[in-house]
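Here is the structure we will look at, set down as structure tokens.
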Amino acid sequence: MNRVFMLHRALSVLFVLIFAASAFAAERQKPKQKLMDNYIAVFDVETIDVDKKLSRPLTESIRRELVMSGKYDVVDRGNMNKILGEQKFQMSGCVSGQCIVEAGQLLGAGKIISGSVSMIGKTYYLTLSLISVETGKIENVSEDECKCAVDDLLKSSKRLVKKLLGESVPEQQTTGTATTPSAPFSKGEYKDPTTGMEFVSVKGGCYQMGDTFGDGDSDEKPVHEVCVDDFYMGKYEVTNAQYRQFKPSHDSKSYEGVSLNGDSQPVVEVSWNDAKEYAEWLSSRTGQRYRLPTEAEWEYAARGGSSSRNYWGSSKDEACRYANVADRTAKRKWSSWTTHECEDGYEGTAPVGRFQPNSFGLYDMMGNVWEWTSDWYGKDYYSSSPRNNPTGPSSGEYRVLRGGSWIGIPQIVRAALRSWGTPTLRIDNGGGFHLVAPAR
């Protein structure tokens, strides 16, 4: 086990779970009604990088579907607005778990449904969470993807409610036959025909690899010039949905009650061996040569042409615009955490592509999940690394991991940071990967 993971495993023993409901009950003195488990409130669907006008019809569709299920008494919008207005409760911008739970207490609801809709590429991603007002815990999460016109999003919202209530929903059928090899990569972007994974062209070049900022470890030195050839890299981290096309039973599990298993969240609980097997499987299906990036390719891609601490610059507390890291959102749940002084809005892993990309058009290169690279780890490798296309030591005990994760403290979320794990290690709170392919 490497030092980063040993540190977090040790710290996890000290984490104290603070439930949102109890925290706000102590802090606020507004009168609250008796909570009724069969009484449920639906909050407006949050729109992320999509038309805000979608929120109202999606929310009403969810409310209607709940009414038709007969499983809950649903608070209507008018009563919600009246009660919260009388209590002078400000719903504008209320999307965090604690804020929503407090509103639920004022309404006397035992359960709350909150959700979001976003778009990655041409695909809508809808997410709903069922939250207990009494404990503040998320009891269930359902997600759905809709590569569709806006009109069809309502159908997707109905599927979501059925999933959330534990009802059976037919999944889209996928064929088990091999895919015909696709055309070679062209300049610009490329989409894999089997998984829909998007790749962007990364123009090769030379850069200073290592601790250019001066706050790194000894294995990040000496800083040395490295040059890499052109390559293609996945625009996003490999998702649970994409990985489950390879292993349908894969479970990314949860971390202390926070789900890491949504379709659009990055796959975790995968070892280096698992990631390599996935790349080989996808290569055999498509005729392309997919693989893990070398450590040098990964750092070149993560920097996005910058020599700063990170691709957004050197400020640690601007991280939340660009990466899912240990932040104030997480600290409200785990009060003993050391965090960035900013808020990214996610307690666990974030669905891929939710933060700003770097100048190469790559997302989540820092934070969210640790990412496997193809190299063996060598503590002193930088002293003897070749200049052109280095591939790491010829053998070793550990494989290199890069990028930090959603529990990454400021000292860890750095472009130059090197970590490592055995090829069989499955990181229980966030180890995944990007894929690369050769330029054609």
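Checked against (1) part of a helix (DSSP H, G or I); (2) touching a strand residue (DSSP E or B) at 6+ places or on another chain (Cβ under 9 Å); (3) β-branched (V, I, T), T329 passes all but condition (2). Checking each residue in region 361-404 for being touching a Gly at 6+ places or on another chain (Cβ under 6 Å) and charged (D, E, K, R) picks out E371, D375. The requirement of being in a helix (DSSP H, G or I), of a type outside the set (S, T, Y) and either within 21 Å of the chain's Cα centre (by Cα) or assigned by TED's automatic domain parsing to the domain that holds Y72 (or both) is not satisfied by K111.
Scanning region 248-275 for residues that are outside any loop (DSSP other than H, G, I, E, B) and touching a Pro at 6+ places or on another chain (Cβ under 8 Å) yields W272, N273.
Only one of the listed residues (W372, W337) is in the same structural domain as V238 (by TED's automatic domain parsing) and not in a loop (DSSP other than H, G, I, E, B). That residue is W372.
If a residue has to be in contact with a strand residue (DSSP E or B) (Cβ under 6 Å, 6 or more places away or on another chain) and acidic (D, E) to count, how many in region 396-440 make the cut? The qualifying residues number 0.
Taking the conditions exactly as written (crowded, with 22+ Cβ neighbours inside 10 Å, part of a loop (DSSP other than H, G, I, E, B), in the same structural domain as Y346 (by TED's automatic domain parsing) and not small (G, A, S)), does R426 satisfy them or not? The answer is no for R426. For the residues K147, K155, the requirement of being outside the structural domain of F355 (by TED's automatic domain parsing), of a type in the set (K, R), surrounded by fewer than 16 Cβ atoms within 10 Å (Cβ to Cβ) and out of contact with any Gly (no Cβ under 9 Å at 6 or more places or on another chain) singles out K155. Within region 244-272, the residues that satisfy the criterion of being more than 14 Å from the chain's Cα centre (by Cα) and of a type outside the set (A, V, I, L, M) are R244, Q245, F246, K247, P248, S249, H250, D251, E256, G257, S271, W272. Does region 409-416 include one or more residues that are small (G, A, S) and either over 27 Å from S254 (Cβ atoms) or part of a loop (DSSP other than H, G, I, E, B) (or both)? Yes, some residue in region 409-416 is small (G, A, S) and either over 27 Å from S254 (Cβ atoms) or part of a loop (DSSP other than H, G, I, E, B) (or both).
For region 191-203, name all the residues that are part of a loop (DSSP other than H, G, I, E, B) and touching a residue at least 40 places away in the same chain (Cβ under 8 Å). Within region 191-203, D192, P193, T194, T195, G196, M197 qualify.
Once region 295-314 is narrowed to residues that are over 22 Å from the mean Cα position of the chain (by Cα) and part of a loop (DSSP other than H, G, I, E, B), the residue that is nearest to Y382 (Cα to Cα) is S307. Give I138, I100 a once-over and let me know the one that is modelled with pLDDT under 80, closer than 30 Å to V238 by Cα and either touching a helix residue (DSSP H, G or I) at 6+ places or on another chain (Cβ under 9 Å) or not β-branched (V, I, T) (or both). Within the list I138, I100, the selection yields I138.
Please work out if I407 is surrounded by fewer than 24 Cβ atoms within 10 Å (Cβ to Cβ), assigned by TED's automatic domain parsing to the domain that holds D230 and either more than 24 Å from R328 (Cβ to Cβ) or not polar (S, T, N, Q) (or both). No.
Give the number of residues within region 358-377 that are in contact (Cβ under 8 Å) with a residue 60 or more places away in the chain and on the phi < 0 side of the Ramachandran plot. Summing the residues that are in contact (Cβ under 8 Å) with a residue 60 or more places away in the chain and on the phi < 0 side of the Ramachandran plot in region 358-377 gives 12. Checked against (1) in a helix (DSSP H, G or I); (2) buried (at least 18 other Cβ atoms within 10 Å of the Cβ), D317 passes all but a single condition, namely (2). Exactly one residue among G257, G313, G305 is at positive phi and either free of Cβ contacts under 8 Å to residues at least 24 places away in the same chain or of a type in the set (F, W, Y) (or both), and that residue is G313.
The values are calculated or read from the model by the stated rules, or taken from the named source; none is laboratory data. Note that the structure is predicted; figures quoted are calculated from it, not measured. Because the Cβ atoms are built from the backbone with ideal geometry, glycine has one as well, and the counts that use them run over all protein chains shown.
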